[in-house]
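The values are calculated or read from the model by the stated rules, or taken from the named source; none is laboratory data. Computed from a predicted structure; not experimentally measured. No Cβ is skipped: glycine too gets one built from the backbone with ideal geometry, and neighbour counts run over all protein chains shown.
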Amino acid sequence: MKHYPAESKQDAVALFQSRPGATIKQVAADLGINPETLRNWTREAGAGRPGGRGETAPTPQSPLEAELAAARKRIREPADRRG
């Protein structure tokens, strides 16, 4: 089993999200990885596409939920990007 750096995984997921007309299979083929690998990375990242299959409209966040989401995002940022 191959191990990929976290940055590579994030880049692959971002590429998939940036190509709304492409399927996971197409993007994975372009990257030379197994489609299931990209599908798993996309799920792990909680990433999807707006209006994608099974996706519901986002629910409005309470101020507490918004603050929690922002804190989680800061925690995930690499230390060298924080400043």
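Could you list, in sequence order, all residues of segment 5-22 that are in contact with a helix residue (DSSP H, G or I) (Cβ under 9 Å, 6 or more places away or on another chain) and in contact (Cβ under 8 Å) with a residue 12 or more places away in the chain?
Answer for segment 5-22, where residues must be in contact with a helix residue (DSSP H, G or I) (Cβ under 9 Å, 6 or more places away or on another chain) and in contact (Cβ under 8 Å) with a residue 12 or more places away in the chain: LYS9, GLN10, ALA12, VAL13, LEU15, PHE16, GLN17.
So ASP80 clears everything in (1) modelled with pLDDT under 60; (2) not in a helix (DSSP H, G or I) except one condition, right? Which one?
Of (1) modelled with pLDDT under 60; (2) not in a helix (DSSP H, G or I), only one is false for ASP80: (2).
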